[in-house]
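*Asks:* Right, I'll just put the structure down here and ask away after.
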Amino acid sequence: MHHFRYLQGSLHAENVDLQSLAEQHGTPLYVYSKETIVDHYTRLDQGLSRLDHMICYAVKANSNLAVLSTIAQLGGGFDIVSGGELFRVLRAGGQAAKCTFAGVGKTRDEIEYALKEGIYCFNAESEAELRFIDQIAGEMGLKAPVAVRVNPNVDAKTHAKITTGKSENKFGIDFDRIEEVYEIIAKECPNLEIRGLQMHIGSQLTSVGPFVEAVEKVKPLVQEMKAKYGLQFFSIGGGIGIVYKQSLDSGSQDWWSLEGNESHPLTIQAYADAVVPLLEDLGLRILLEPGRFMVGNAGVLLTKVVYEKRGKAKVFKIVDAAMNDLIRPTLYEGWHQIVPVRSKVGAENELSDVVGPICETGDYLAQNRELPPLNAGDVLAVMSAGAYGFTMASNYNTRTMPAEILVDGTEAYVVRERQTLEDLVRGEHVPPVK
Ligand code: LLP
């Protein structure tokens, strides 16, 4: 579901024409729709209304200050994975007291920073980490709130690179060791305060089955740990998948109903209907850590066609965005819908690869895609690029990173300036010639 539509033959974000944004700010360009983010947050919040809950947005999906500020204003919390993300949250007006800190490799600096700022909880992923947090909290004369991340060994049925809840993944602590670990905290870690239990089984889940399986498996453990140690919360992680293919017609209606199709039976209603009843009787605060769901459909990457090349086997649309701007297609075989911003109604489609200028065979945004004939200068929109788009961008091939725009109704704000060539060499030094 999102607020991108064709109006009079030109694709708009809310009420702003994407063609004019591309002309004004150049390409590649990320454009976000604020209303889409607000809508997703609100629907999830309403779906969970029967529970005492806190939505901790997974900052890694999109960490632009404007996005974080939007979520902070909605009352959201944040799931962070680095000191850098905590810094961004605070800069955007978010509260440390609503932050959970995930990740297998938290460093001393990060732990000290998070303790000093007073985060809600460390979601710890190993015994070594728990002992280290205990030691640092002791040195600082503080008590550190902790939850243990359980690895429930449940198959999330998603891409291998974004599966996290299987025993062979590096995440969490094995299900059958959890009791022992809580006992160690209680007996041997005087500077830790047990606050919760957490899990996260993977990303881009497209059915409720694995969520239900994981909650059902872990629930008895949560009940037991609550009875023994007085937990405050149970976090069921993130992972709610989004629909990457949607209609963009101006006449259309209830986009949410489109999600309940065969390839994507996961609607927010279906998710809430399945998990809320399982969690209601726990008498705990329930935390969610959605990333992609909150911002994925809310962003597009605009790119301009530079050349068209007709090879023996294929047609290549060579564009000015590349794998350094959006790595999902090549890293996860991620499928992103690609459409011309000025619609080409009636044109005959042909099978094409959309490729960037980077010197790698893996540098593509789409392969074997039906696209109309395009001219140099035509602007394309790579849809649903709001999550894990800009945050995974790099300067590979010494390319500047794109600008980012946030659209709010009829207004468009530059929320990150395009990098300049000078930015690219900032902080680099050449030793003197001897
Ligand atoms: N909580 C934890 C502990 C996580 O590791 C993640 C994502 C989330 C929450 C948020 O998951 P989400 O709701 O966004 O599915 N770059 C990949 C996705 C990596 C996900 C990493 N962890 C992609 O572009 O598909």
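The values are calculated or read from the model by the stated rules, or taken from the named source; none is laboratory data. Since we're looking at a predicted model, the values are computed, not measured. Cβ: placed from backbone, ideal geometry, glycine included. Neighbour counts: every protein chain shown. With ligands, DNA and RNA removed, areas are computed over all heavy atoms of the protein, side chains included. Shrake-Rupley method; radii C 1.70, N 1.55, O 1.52, S 1.80 Å.
*Asks:* Under 30 Å from Val306 (Cβ atoms) and of a type in the set (A, V, I, L, M, F, W, C): which single residue out of Val59, Val31 fits that description?
*Replies:* After applying the criteria, what remains is Val31.
*Asks:* Okay, moving on. Grab the strands (runs of 3 or more DSSP E) fully contained in the range 272-336, keeping just those with 2 or more residues being within 21 Å of the chain's Cα centre (by Cα) and buried (at least 24 other Cβ atoms within 10 Å of the Cβ).
*Replies:* Qualifying strands (runs of 3 or more DSSP E): 285-288, 299-310.
*Asks:* Another one. Does Ala160 meet the test of being without any contact (Cβ under 8 Å) to a residue 12 or more places away in the chain and within 14 Å of the ligand (Cβ to nearest atom)?
*Replies:* yes
*Asks:* Can you go through Ala114, Ala97 and tell me which one is hydrophobic (A, V, I, L, M, F, W, C), surrounded by fewer than 22 Cβ atoms within 10 Å (Cβ to Cβ) and not in a loop (DSSP other than H, G, I, E, B)?
*Replies:* Sole residue among the options that is hydrophobic (A, V, I, L, M, F, W, C), surrounded by fewer than 22 Cβ atoms within 10 Å (Cβ to Cβ) and not in a loop (DSSP other than H, G, I, E, B): Ala97.
*Asks:* OK, next. Only one of these is polar (S, T, N, Q), open to solvent by less than 20 Å² (accessible area, probe 1.4 Å) and at pLDDT below 95: Asn151, Asn123. Name it.
*Replies:* None of the other options fit; the residue is Asn151.
*Asks:* For the range 129-144, how many residues meet the condition of being closer than 30 Å to Glu213 by Cα and open to solvent by 10 Å² or more (accessible area, probe 1.4 Å)?
*Replies:* Of the residues in the range 129-144, 1 are closer than 30 Å to Glu213 by Cα and open to solvent by 10 Å² or more (accessible area, probe 1.4 Å).
*Asks:* Could you list, in sequence order, the residues of the range 80-104 that are within 17 Å of Asn123 (Cα to Cα), of a type in the set (A, V, I, L, M, F, W, C) and within 16 Å of the ligand (Cβ to nearest atom)?
*Replies:* Matches in the range 80-104: Ile80, Val81, Leu86, Cys99, Phe101, Ala102, Val104.
Table: residues versus (1) within 18 Å of the chain's Cα centre (by Cα); (2) within 16 Å of the ligand (Cβ to nearest atom); (3) assigned by TED's automatic domain parsing to the domain that holds Gly94.
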| residue | (1), (2), (3) |
| --- | --- |
| Tyr6 | no, no, no |
| Asp17 | no, no, no |
| Gln24 | no, no, no |
| Leu29 | no, no, no |
| Ser49 | no, no, yes |
| Ala61 | yes, yes, yes |
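*Asks:* A further question follows. Look at the range 22-69 and say how many of its residues are free of Cβ contacts under 8 Å to residues at least 60 places away in the same chain and open to solvent by 10 Å² or more (accessible area, probe 1.4 Å). Give the derivation first.
*Replies:* Start the filter on the range 22-69 by keeping residues that are free of Cβ contacts under 8 Å to residues at least 60 places away in the same chain, which leaves 23-24, 38-39, 42, 45-46, 49, 68-69.
In the following step, the residues that additionally are open to solvent by 10 Å² or more (accessible area, probe 1.4 Å) were identified as 23-24, 38-39, 42, 45-46, 49, 69.
Total meeting the criteria: 9.
*Asks:* Follow-up. Among the residues in the range 17-24, are any assigned to a strand (DSSP E or B), modelled with pLDDT of 95 or more and not charged (D, E, K, R)? Full working, then the answer.
*Replies:* Applying the first criterion (assigned to a strand (DSSP E or B)) to the range 17-24 yields 17.
Then drop every residue that is not modelled with pLDDT of 95 or more, which leaves 17.
Filter once more, keeping what is not charged (D, E, K, R): none.
No, because not a single residue in the range 17-24 is assigned to a strand (DSSP E or B), modelled with pLDDT of 95 or more and not charged (D, E, K, R).
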